[in-house]
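Right, one structure below, let's go through it.
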Amino acid sequence: MSASAIFVLDLKGKVLICRNYKGDVDMAEIDFFMPLLMQHEEEGLLCPVLSHGNVHFMWIKHTNLYLVATTNKNSNASLVYSFLYKLVEVFTEYFKELEEESIQDNFVVVYELLDELMDFGFPQTTDSKILQEYITQEGAKLEVAKSKVPTTVTNAVSWRSEGIKYKKNEVFIDVIESINVLVNANGSVMSSDIVGSIKLKTMLSGMPELRLGLNDRVLFALTGRDKGKTVMMEDVKFHQCVRLSRFESDRTISFIPPDGESELMSYRINTHVKPLIWIESVIEKFSHSRVEIMVKAKGQFKKQSVANNVEVRVPVPSDADSPKFKTSTGNAKYVPEKNLVVWTIKSFPGGKEFLMRAHFGLPSVENDEAEGKPPITVKFEIPYFTVSGIQVRYMKIIEKSGYQALPWVRYITQSGDYQLRTNV
């Protein structure tokens, strides 16, 4: 079972818009949501499902809005939450920013979308590209030709329209990996993993069938080929276009792609990752006078690779002033509203070391508030490189007209949650 009704509330709990799908839950029940939420928040027991009698509220917060689904059955909570996040995604596609003002300005479109996205409490058409074919923001212009619902909605392939034509048939594949690393003050890696996604930009005519081959360890073990580097992917999540039964039987990623940009799949690789940019820091605090900071950054990746737009963010005391900087490359600036020094390096080649020194004055009066020890964080992007070694082995494009199409592949590694703790 799924949701009985969907509500969009402002921060005070006032209902901005709602849609009753099943009529089995009193719509006035939503009045109990905000008092319940505040009570749980005060008690430090906030949880994603709140209950009042036999009515359950499943909610998410986005900017200055609460999106709430109600049910009085033992619903599939993960389905409801997936739908609420999809709702945010679709509204953002339509209105660019999803906030209270955009809901009030577009309430007619919001009601139309709520009618198409869900029926009798079950998700229906949730692909924003397909919805945009027949729900437009130009609601006043009623044309008879436009009132016909696209066949896509009733097709087995609900994410792609028929009759798409391109002069040049191409598909662009981006393999993007984010590294999450936590290093303690002694220099030991406490936790690390890789979160990856494969994104497509499809410009193909007709209804093509695509087959994607990766150096997947399970696939290589099934086929008896164990040559070269393979990767073990976990928590794999696919776009709805992928044939899951085919993947489960022989690990083939086979699909009819959506037109334009989409995320084909995401995955996680739970492995020990060597930090690609290593940071050594010495922070000396001289009471009532000054703080001296020395940060050394070293590129621990291949010499032929280059990290772009590197940002090293070093925390400083909130009462620091009179900043002075000296860098061997790039430039450093003080961001007082965030109590940070941001050291920016446009281009950081592998194997290189760079140094940054900073000097701050401290007031003569001691700050009474005990400050925490925020970590140093690093942002970067390394093109043409994947830390896991994942590779696109092939991309086959089959279409009944038999045209030739070009697949292009690009690899990018970037920082995710990348933190290095300090002693001070």
Counting only residues that are touching an Asp or Glu at 6+ places or on another chain (Cβ under 7 Å) and aliphatic (A, V, I, L, M), which one in the range 54-70 is surrounded by the fewest Cβ atoms within 10 Å (Cβ to Cβ)? Val55
Filter the range 193-202 down to the residues that are open to solvent by 10 Å² or more (accessible area, probe 1.4 Å) and either at pLDDT 95 or above or outside any strand (DSSP E or B) (or both) and list them by number. Val195, Ser197, Lys199, Lys201
Within the range 359-424, which strands (runs of 3 or more DSSP E) (wholly inside it) include 1 or more residues that are under 26 Å from the mean Cα position of the chain (by Cα) and modelled with pLDDT of 95 or more? 376-383, 406-420
What's the number of the only condition in (1) over 29 Å from the mean Cα position of the chain (by Cα); (2) farther than 30 Å from Met395 by Cα that Arg313 fails to meet? (1)
Being at pLDDT below 90 and of a type outside the set (Asp, Glu) is the requirement here; does Gly23 meet it? no
So, in the range 262-290, exactly how many residues are under 30 Å from Pro323 (Cα atoms), modelled with pLDDT of 90 or more and in contact with a strand residue (DSSP E or B) (Cβ under 6 Å, 6 or more places away or on another chain)? 7
Can you name the residue in the range 298-312 that is over 20 Å from Val335 (Cα atoms) and part of a strand (DSSP E or B) and, of all such residues, is most open to solvent (accessible area, probe 1.4 Å)? Lys298
Single residue of the range 239-261 satisfying the filter (outside any loop (DSSP other than H, G, I, E, B) and either of a type in the set (Val, Ile, Thr) or open to solvent by less than 40 Å² (accessible area, probe 1.4 Å) (or both)) that is modelled with the lowest pLDDT: Phe247
Do we have Tyr85 as surrounded by 14 or more Cβ atoms within 10 Å (Cβ to Cβ) and within 14 Å of Phe7 (Cα to Cα) here? no
Which is closer than 13 Å to Phe7 by Cβ, among the acidic types (Asp, Glu) and either assigned to a helix (DSSP H, G or I) or at pLDDT 95 or above (or both), of Glu93, Glu29, Glu112? Glu29
Matching residues in the range 306-361 - criterion: being among the β-branched types (Val, Ile, Thr) and out of contact with any Leu (no Cβ under 9 Å at 6 or more places or on another chain): Val306, Val310, Val312, Val335, Val341, Val342, Thr344, Ile345
Since Gln137 meets every condition but one in (1) of a type outside the set (Asp, Glu); (2) modelled with pLDDT under 85; (3) touching a Lys or Arg at 6+ places or on another chain (Cβ under 7 Å), which condition does it not meet? (3)
Tell me, yes or no, whether the range 218-229 has at least one residue that is surrounded by 14 or more Cβ atoms within 10 Å (Cβ to Cβ) and part of a strand (DSSP E or B). no
Taking into account only those residues within the range 313-332 that are assigned to a strand (DSSP E or B) and touching a Ser or Thr at 6+ places or on another chain (Cβ under 8 Å), which is most open to solvent (accessible area, probe 1.4 Å)? Asn331
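Okay, residues lined up against (1) loosely packed, with under 12 Cβ neighbours inside 10 Å; (2) of a type in the set (Ser, Thr, Tyr); (3) more than 25 Å from Asp127 (Cβ to Cβ):
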| residue | (1), (2), (3) |
| --- | --- |
| Gly23 | yes, no, yes |
| Phe33 | no, no, yes |
| Cys47 | yes, no, yes |
| Asn72 | no, no, yes |
| Leu79 | no, no, no |
Against the definition (assigned to a strand (DSSP E or B) and open to solvent by less than 40 Å² (accessible area, probe 1.4 Å)), how does Leu264 come out, yes or no? yes
How about the range 165-188: which of its residues are more than 16 Å from Thr377 (Cβ to Cβ), in contact with a strand residue (DSSP E or B) (Cβ under 9 Å, 6 or more places away or on another chain) and in a loop (DSSP other than H, G, I, E, B)? Tyr166, Lys168, Asn169, Gly187
Kindly check whether there is at least one residue in the range 277-297 that is outside any strand (DSSP E or B), free of Cβ contacts under 8 Å to residues at least 60 places away in the same chain, open to solvent by 20 Å² or more (accessible area, probe 1.4 Å) and of a type in the set (A, V, I, L, M). no
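The values are calculated or read from the model by the stated rules, or taken from the named source; none is laboratory data. Keep in mind that what you see is a predicted model, and the values were worked out from it rather than measured. FYI the Cβ positions are ideal-geometry reconstructions off the backbone, even for glycines, and counts take in every protein chain you see. Please note that ligands, DNA and RNA were not included when accessible areas were found on the heavy atoms of the full protein model with its side chains. Shrake-Rupley method; radii C 1.70, N 1.55, O 1.52, S 1.80 Å.
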